[in-house]
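The values are calculated or read from the model by the stated rules, or taken from the named source; none is laboratory data. Nothing here was measured: the structure is a model prediction, and the numbers come from that model. All Cβ positions, even for glycine, are placed from backbone atoms using ideal geometry, and neighbour counts span all protein chains on display. Areas reflect the complete protein model, heavy atoms only, side chains present, ligands, DNA and RNA absent. Shrake-Rupley method; radii C 1.70, N 1.55, O 1.52, S 1.80 Å.
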Amino acid sequence: MDNQTVVIVGGASGLGLATAKLFCKNGASKIGIIDRNEELMNLAADELRKSGVIVATAVGDISRKESAHAAFNQLVDELGRIHCLVNSAAIYPREDIFNISDEQWDIENAVNIKGTYHMMVAAVRHMQQFVDAPAVTGRIVNVTSVDAFKAHPQNAHYAATKAAVVSLTKSFAQACAQNQILVNSVAPAGFATERARQLGFLGELASANPLGRAAEPEEIAEWILMMGSARNSYATGENVIVSGGYIYA
C-alpha cells in the first residue's frame with residue numbers, strides 16, 4: 001500500500017477501523033473515512049493520524065445517490081486520487097423470518113445493497129480517469145458475510161442483502177475489467193466486535209464455529225488488505241470466505 005490512498009465506508013469503528021489501521025501499518029499514506037457517526041469518525045481519524053497518515057472524513061447517507069457521491073467526491077477533493085475503496089458499512093439486525101416488517105426490509109436494502117452500489121459507482125467513475133492498462137487502475141473490496149451462503153432464519157433479511165452484494169461484486173467485476181479495476185468481496189463469519197460483545201453474541205459465535213471462537217476484526221482485515229492492495233494484481237469477481245470453518249459446519 002506504499003503511498004496509496006484508501007477510502008473506507010463504515011471506517012469509524014469495528015472491522016472498518018481495524019482495516020484502516022492495517023492499511024496504515026502497511027504503508028497507506030492517506031485514509032478517507034465515510035460514516036454516519038460523526039463523533040466516532042472524528043475519534044477514529046485522530047487515532048489514525050497518530051501513525052503519521054493524512055486522514056479526511058465525510059459524513060454521508062450512503063443509501064441515497066446524491067449524498068453517497070457527494071461524500072466520496074469530498075474525499076477526492078481533499079485526498080486526490082483514490083486507489084482502493086472498502087465497503088464495510090452495514091446494518092445487522094435480528095428478526096424472526098416470519099415477522100420482518102416492510103420498514104426492516106427497507107433499511108436493510110437501503111444501506112447494505114443500495115449503499116454499497118452507490119459507493120462503487122462513485123469509486124469506479126473516479127478510477128476510470130486513471131486507466132493505464134495493463135497496470136491495475138484501482139481496487140474495490142466489499143465486505144459481505146458467510147450468512148449469504150447458509151440458512152439464517154433469525155436474520156434472513158440481512159443474509160439476503162449480503163447475497164445481493166456478492167452478486168453485485170461479480171457484476172461490477174465484469175463491467176470494470178476493461179478498465180483494470182479489480183472488484184472482490186470478503187465474507188467473514190461473525191467476529192468479535194465491541195457491538196457483538198455488548199449484545200452478548202460471542203458465546204454463540206464461538207459455539208457455532210469449529211475453531212471454538214469468533215475471529216478478531218484484525219484477522220478479517222488481513223484478507224481485505226490482501227484483496228485491496230498490490231498483493232492482488234489479478235483476482236477479480238472473487239468472494240473470499242473467512243469463516244474459521246463455519247461455512248462447512
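Here is a yes/no grid of residues against (1) touching a Phe, Trp or Tyr at 6+ places or on another chain (Cβ under 6 Å); (2) part of a helix (DSSP H, G or I); (3) surrounded by 14 or more Cβ atoms within 10 Å (Cβ to Cβ); (4) not small (Gly, Ala, Ser):
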| residue | (1), (2), (3), (4) |
| --- | --- |
| Gln154 | no, no, no, yes |
| Ser167 | no, yes, yes, no |
| Cys176 | no, yes, yes, yes |
| Val183 | yes, no, yes, yes |
| Ala187 | no, no, yes, no |
| Ala196 | no, yes, yes, no |
| Gly200 | no, no, no, no |
| Gly212 | no, no, no, no |
Restricting to the stretch 22-40, and then to whatever is in contact (Cβ under 8 Å) with a residue 60 or more places away in the chain, more than 17 Å from Ile91 (Cα to Cα) and hydrophobic (A, V, I, L, M, F, W, C), can you tell me which residue is most open to solvent (accessible area, probe 1.4 Å)?
Leu22
Can you confirm whether Ala89 is of a type in the set (A, V, I, L, M) and either touching a residue at least 40 places away in the same chain (Cβ under 8 Å) or touching a Phe, Trp or Tyr at 6+ places or on another chain (Cβ under 8 Å) (or both)?
yes
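Here's the yes/no breakdown for (1) part of a loop (DSSP other than H, G, I, E, B); (2) of a type in the set (D, E, K, R):
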site: Asp2; (1), (2): yes, yes
site: Ala12; (1), (2): yes, no
site: Leu17; (1), (2): no, no
site: Ala56; (1), (2): no, no
site: Ile62; (1), (2): yes, no
site: Ala110; (1), (2): no, no
site: Lys114; (1), (2): no, yes
Go through the stretch 48-67 residue by residue and tally those that are in contact with a strand residue (DSSP E or B) (Cβ under 8 Å, 6 or more places away or on another chain) and surrounded by 18 or more Cβ atoms within 10 Å (Cβ to Cβ).
8
Among the residues of the stretch 64-78, which ones are among the polar types (S, T, N, Q) and either outside any helix (DSSP H, G or I) or in contact with a Gly (Cβ under 6 Å, 6 or more places away or on another chain) (or both)?
Ser67
Given the conditions (1) at pLDDT below 95; (2) not in a loop (DSSP other than H, G, I, E, B), every one holds for Gln129 apart from (1)
Condition first: over 12 Å from the mean Cα position of the chain (by Cα) and either crowded, with 18+ Cβ neighbours inside 10 Å or under 27 Å from Asp96 (Cβ atoms) (or both). Now tell me which residues in the stretch 116-135 satisfy that.
His118, Ala122, Ala123, Val124, His126, Met127
Taking Ile107, is it surrounded by 14 or more Cβ atoms within 10 Å (Cβ to Cβ), under 23 Å from Leu199 (Cβ atoms) and more than 16 Å from the chain's Cα centre (by Cα)?
yes
Would you say Ile113 is out of contact with any Gly (no Cβ under 7 Å at 6 or more places or on another chain), β-branched (Val, Ile, Thr) and open to solvent by 20 Å² or more (accessible area, probe 1.4 Å)?
yes
Condition test on Leu43, is it surrounded by 16 or more Cβ atoms within 10 Å (Cβ to Cβ) and assigned to a helix (DSSP H, G or I)?
no
Take the stretch 227-241 and flag every residue that is among the hydrophobic types (A, V, I, L, M, F, W, C) and without any contact (Cβ under 8 Å) to a residue 60 or more places away in the chain.
Ala235, Val240
